[in-house]
Amino acid sequence: MRQSILIAGIVVGIIASLFFFCATLIDWVQDYQTGVYAQNHFEVILETAAIVLYAYCGIRFLQLKVKL
């Protein structure tokens with residue numbers, strides 16, 4: 001019983017993380033297209049760094065946990 005709750009929690013966490021990553025990426029593209037980043041260079045640095053860091057952590061996790 002405990003193991004199934006843990007697995008369900010992990011699956012929900014992964015899906016939620018993927019959803020938020022996609023939402024952030026969509027927001028980044030929309031801000032780029034509308035010119036928000038031309039006005040605020042600090043925002044583009046922070047948002048791009050967050051997206052790159054999240055993608056890097058996801059790739060590292062897959063490399064360490066998934067053996068192909």
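General observations
- Number of the exception - W28 against (1) at pLDDT below 90; (2) touching a helix residue (DSSP H, G or I) at 6+ places or on another chain (Cβ under 6 Å): (1)
- When the range 33-65 is filtered for residues that are in contact with a helix residue (DSSP H, G or I) (Cβ under 8 Å, 6 or more places away or on another chain) and aromatic (F, W, Y), the ones remaining, listed by number, are Y37, Y54.
- Under the condition of being over 24 Å from I14 (Cα atoms) and of a type in the set (D, E), the residues counted in the range 26-64 number 2.
The values are calculated or read from the model by the stated rules, or taken from the named source; none is laboratory data. Computed from a predicted structure; not experimentally measured. Here the Cβ is made from the backbone with ideal geometry for all residues, glycine too, and neighbour counts use every protein chain on show.
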